[in-house]
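The values are calculated or read from the model by the stated rules, or taken from the named source; none is laboratory data. What you see is a predicted model, and the numbers here were worked out from it, not measured in a lab. Glycine also receives a Cβ, built like all others from the backbone with ideal geometry; neighbour counts cover every protein chain displayed. Remember, those area values only see protein heavy atoms, side chains included, never the ligands or the DNA or RNA. Shrake-Rupley method; radii C 1.70, N 1.55, O 1.52, S 1.80 Å.
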There are 2 protein chains.
Amino acid sequence: MAASTLTEVARLAGVSPATASRVLNGSARTPGPDIAERVRKAADSLGYIPNAQAQGLAKSSSGLIGLIVHDIADPYFAAIARGVQAAARHQNKMVLLATTAGSPADERAAVAAFAARRADSIVIAGSRSARTADKQGNAELAAELDRYCRNGGRVGVVGHAVVGAESDEGYHVVGVPNEELAAELARELAASHAGEFVIIAGPEGLLTSDDRVRGFQRGLADAGLPPADVLHTGFDRTGGYEAGMELAARIGAHGGSGQAGAEAAAPPRLCIFAVNDVMAIGATAALRSKGLRIPRDAAIAGFDDIETLRDFRPALSTVRLPLEEIGRLAVPGAGSGTVGAGTVGVTGEVTLRRSTEPGGEPAS
Amino acid sequence: MAASTLTEVARLAGVSPATASRVLNGSARTPGPDIAERVRKAADSLGYIPNAQAQGLAKSSSGLIGLIVHDIADPYFAAIARGVQAAARHQNKMVLLATTAGSPADERAAVAAFAARRADSIVIAGSRSARTADKQGNAELAAELDRYCRNGGRVGVVGHAVVGAESDEGYHVVGVPNEELAAELARELAASHAGEFVIIAGPEGLLTSDDRVRGFQRGLADAGLPPADVLHTGFDRTGGYEAGMELAARIGAHGGSGQAGAEAAAPPRLCIFAVNDVMAIGATAALRSKGLRIPRDAAIAGFDDIETLRDFRPALSTVRLPLEEIGRLAVPGAGSGTVGAGTVGVTGEVTLRRSTEPGGEPAS
DNA sequence: GCAAATTGGGAAAGCGCATTCCCGCTGCTT
DNA sequence: AAGCAGCGGGAATGCGCTTTCCCAATTTGC
């Protein structure tokens, strides 16, 4: 038994398909109450479910919102996805998910697939990359998005505008002040740390990472400090872990090992800034595996303020980002932002916690 | 400029729409190479993207997989979603996301929406509830799913079969041995713990929670111990936190407070089993906020082995579940499982870590 | 009281594509 | 050399729905 159709409902109710359509969906013209009732009853008894594909074809709009993320299991993207989902629900649309691991080629394919499905809008959440290796991929992605926009699609981008977009038409970006916030974090840390600073960054060319690094360096400069060393690694927990191992070796070489804290003129404690929370956690794990303790042997800060990580000990200093709201704002037509081209901004908040506390003796 | 159509491509290539269709999609009949080339070039120059809705209408299949979760930002669901996404990609389909906060009514609506979109299959990941308040909702959900199946849909369920399904036709469940694993966990913990056991459970009637509780109690019984006290609360971090506060009070009353460990005849340490990791983390936070330390003042174990939580300290004892694989297996037609009705099983693994270590003096 | 405007319903034309059927053609058999 | 299979392409139909257009029956205006 195939799903029943509008025509069947109409026949059962003794009306024309046109009338049935009018009563079952919010048409401008509403048939008489008696007829409406009859149709509704017929639909009910048949368990009629409109065929959204056919509706979409006829109306040329689908009620779909495409969402592109690197990895849905990454808590950063998961939080954004929650916001997108909430906004979609508000517009009563559904969200179509695509994960791309950040590959521009996959992103292009996802955009094409969304376009094929005639998604009303698409939000693309992963960080953009400016690596030369990705140059062609980025151009193709931009071309695909431009085409999508020309055909009437709306796209929301979180973070950075897509590199190489032809015009602003149809784009809408949620700006995250990564650079400013990182600078502020650096300044606050500089106020209480005497030691050297090190940055654990993502791959070079990853815009979000680059921005945070640049901001942090600027903050240090503002405080009259020399620029920090930058370690480039993967933008995930594993990357953080590897960098952490390297730093552990460095710290160990200086003599920060073992329980006995006070060696001859203990070198000032290292202060590590990982460009996102997950990397910070990885780095922490690495340091710990080498017997180092936070914040006694090194201070560490992250970025994002991932919810699941808030109970982590020592509590991680970070920059809180309203991830869910970012997701909500990123869907075109939602939020109080300007409709159409333009940038909606959100703000974050530097949140200092135990992992960067000065002193560093383990408290109770 | 609206997106170009097959007909336009055909006209540009000087062929009929039928031929164009044949070359641009994997039809059984492949037109001659010269014609094919011409069509392909025309399509390319027009930037033709097939209208998936129209294709779906014509073929009556959509290439969509519907996924229902409680909350996509919950790491448990996010991990499953990743698996589903991977399987979908393998079948080159896209996944449609719906979040329902566990409400059967919302789930029913989501199923209807998926049916309307003619999703090829749907996987429903949230825990089923047997509460009487949800009884009608569950029945309606089951009815909707049954109808979906009768119309040729395939549904994959993780955990429990949907309560009230009329027949097995079209269903496919990924069974998680919650009860057995919880029992095993209890037995292993019982072997090294002298103190009392307490269970922090989700709301009564939540099948996953109930299973884990039952299993844990059985494990205790196997070890010759009396059943543990059960605290029912929310199935999330907040629930765990609240229960943790209550337990902290209980422990405090016994005298486990402060730094000085050895009071007169220190009572045996409490061993807490939270039915999922996130709740365990919440409980831990609560205990800590009261000055209690894990595992010194209480042992605690969770369930799921959430990836993001693995770096948590003290490392959480838990039961590892192959979440991503569960997601993969849940999508009908994927995995090596039996196609059609049937249960595919996965196994987990009790993973004892520091949070339940006996002794409990803080190590280095 | 009659023309004009309004209402309420049906017929029909697509939306963009897949697919079945059909037809002219080439190449083969006997 | 005539007949037949087989192939390559096009015309036409239908997927399920929306929406314009059209027509008959009422209301309204003066």
Pairs please, first residue from segment A:338-364 and at pLDDT 50 or above, second anywhere and exposed (fewer than 14 other Cβ atoms within 10 Å of the Cβ) and among the polar types (S, T, N, Q), Cβ atoms under 9 Å, 6+ apart in sequence or on different chains. A:ALA341/A:SER167; A:VAL344/A:SER336; A:VAL344/A:THR338; A:LEU352/A:SER192; A:THR356/A:SER192; A:GLU357/A:SER192; A:PRO358/A:SER192
Number of positions in segment A:76-97 that are more than 9 Å from the chain's Cα centre (by Cα), in contact (Cβ under 8 Å) with a residue 60 or more places away in the chain and assigned to a helix (DSSP H, G or I): 8
Specify the residue that is nearest to the other protein chains (Cβ to nearest Cβ); the eligible residues are those in segment A:269-316 that are assigned to a strand (DSSP E or B) and either surrounded by fewer than 21 Cβ atoms within 10 Å (Cβ to Cβ) or without any contact (Cβ under 8 Å) to a residue 60 or more places away in the chain (or both). A:ILE300
For B:ASP106, indicate whether it is in a helix (DSSP H, G or I) and either facing another protein chain (nearest Cβ under 10 Å) or buried (at least 20 other Cβ atoms within 10 Å of the Cβ) (or both). yes
May I ask you to verify whether A:VAL163 is out of contact with any Gly (no Cβ under 6 Å at 6 or more places or on another chain) and not in a strand (DSSP E or B)? yes
Inspect segment B:47-55 for any residue being near DNA strand D (Cβ under 9 Å from one of its atoms) and in contact (Cβ under 8 Å) with a residue 40 or more places away in the chain and give the result as yes or no. no
Got a number for residues in segment B:48-74 being outside any helix (DSSP H, G or I) and buried (at least 16 other Cβ atoms within 10 Å of the Cβ)? 17
From the list B:ALA43, B:ALA112, which one is in contact with an Asp or Glu (Cβ under 7 Å, 6 or more places away or on another chain), part of a helix (DSSP H, G or I) and within 16 Å of DNA strand D (Cβ to nearest atom)? B:ALA112
Quick check on A:GLU184: is it under 18 Å from the mean Cα position of the chain (by Cα) and crowded, with 19+ Cβ neighbours inside 10 Å? no
A:ALA191 vs. criteria open to solvent by 10 Å² or more (accessible area, probe 1.4 Å), assigned to a helix (DSSP H, G or I) and without any contact (Cβ under 8 Å) to a residue 12 or more places away in the chain: no
Among the numbered conditions (1) within 11 Å of chain A (Cβ to nearest Cβ); (2) under 18 Å from the mean Cα position of the chain (by Cα), tell me where B:ARG117 comes up short. (2)
Answer with yes or no whether A:ARG29 is within 11 Å of DNA strand C (Cβ to nearest atom), farther than 30 Å from B:ILE326 by Cβ and in a loop (DSSP other than H, G, I, E, B). yes
Condition check: assigned to a helix (DSSP H, G or I), open to solvent by 30 Å² or more (accessible area, probe 1.4 Å) and closer than 23 Å to A:GLU324 by Cβ. Does A:GLU140 satisfy that? no
Across segment A:4-26, the tally of residues that are more than 7 Å from DNA strand D (Cβ to nearest atom) and either touching a strand residue (DSSP E or B) at 6+ places or on another chain (Cβ under 9 Å) or outside any helix (DSSP H, G or I) (or both) stands at 5
Residues of segment A:72-95 being facing chain B (nearest Cβ under 7 Å) and either within 16 Å of DNA strand C (Cβ to nearest atom) or touching a strand residue (DSSP E or B) at 6+ places or on another chain (Cβ under 6 Å) (or both), which ones? A:ILE72, A:GLN85, A:MET94, A:VAL95
Verdict on B:ILE65 being at the interface with chain A (Cβ under 8 Å from one of its Cβ atoms) and of a type in the set (A, V, I, L, M): no
